[in-house]
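This report concerns only the one structure given below.
Read-outs: derived from the displayed coordinates by stated rules, not from any lab. Just so it is clear, the model here is predicted, and its values are computed rather than measured. Cβ coordinates were reconstructed from backbone atoms using ideal geometry, including for glycine residues, and neighbour counts include every protein chain displayed.
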Amino acid sequence: MLWMIMSTDKPSQLETRNRLLAEHRKYLDDNARHIFFTGPQEEDDGSANIGSLYIVNAPTRGDAEAFVHNEPFYRAGVFDTVVIRRIRKGRFFPERAA
């Protein structure tokens, strides 16, 4: 089943995000078999990342929680809030993404 994990960063986390970016990307690569979609949340003008969005395929909520709890940004305390919700895939138009 699919789970949406939406995190919002604490203020002033850009330096920590940048420092952990390679580790974060490796974590995502190492866990690609569970990932449906990931991407950073950005300010409206695209000037800074302010959070993360993950859609993962995991059997249980506990597995989705484990995914985010092992994520380098989470472990470093970057995230202020994390929301996990079970979702269903509805309409899907990947060709419309830039």
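Between amide H atoms placed 1.01 Å from N, distances below 5 Å from residue 50 occur with 41, 42, 43, all of them 5 or more places distant or on a separate chain.
Applying a DSSP loop filter and a limit of 14 other Cβ atoms within 10 Å to the chymotrypsin sites (Phe, Trp or Tyr not before Pro) in the range 1-96 leaves 92. Where Rh denotes the Kirkwood radius from the mean inverse Cα pair distance, what is Rg over Rh for the range 3-54? Using Cα coordinates only, the ratio equals 0.97. Distance between the modelled labels on residue 69 and residue 95, one decimal in nanometres: 4.2 nm (7 Å Cα→Cβ projection). In the chain, the calculated helix contribution to ellipticity at 222 nm averages -9000 deg cm²/dmol per residue, counting -39,500 (n - 2.57) for every DSSP H run with n ≥ 4. Between residue 32 and residue 85, 0.36 nm times their residue separation minus their Cα-Cα distance comes to what? Going from the current span to full extension adds 17.1 nm. In a reduced charge model with +1 at each Lys and Arg Cβ and -1 at each Asp and Glu Cβ, the range 1-95 shows a dipole moment near 500 debye about its Cα centre. The 3J(HN,Hα) values that the Karplus relation (6.51, -1.76, 1.60; θ = phi - 60°) gives for the range 17-24 are, in residue order, 4, 5, 5, 9, 4, 5, 5, 4 Hz. Gly and Pro appear as x. Per residue, the convex hull spanned by the Cα atoms of the chain measures out at 111 cubic angstrom. In this simple spin-label approximation, residue 12 and residue 25 carry label points 7 Å from Cα along the Cα→Cβ vector, and these lie 2.8 nm apart. Scanning residues 5 or more positions from residue 79 or on other chains, those with amide H under 5 Å from its amide H are 10, with H placed 1.01 Å from N in the peptide plane. For the chain, GluC sites (Glu not before Pro) are listed when DSSP marks them as loop and at most 14 other Cβ atoms sit within 10 Å of their Cβ; the list is 43.
Here the relative contact order of the chain, from alpha carbon pairs under 8 Å that lie six or more residues apart, stands at 46 percent. Across the chain, the longest piece that holds none of the trypsin sites (Lys or Arg not before Pro) lying in DSSP loops with up to 14 other C-beta atoms within 10 Å covers 1-87.
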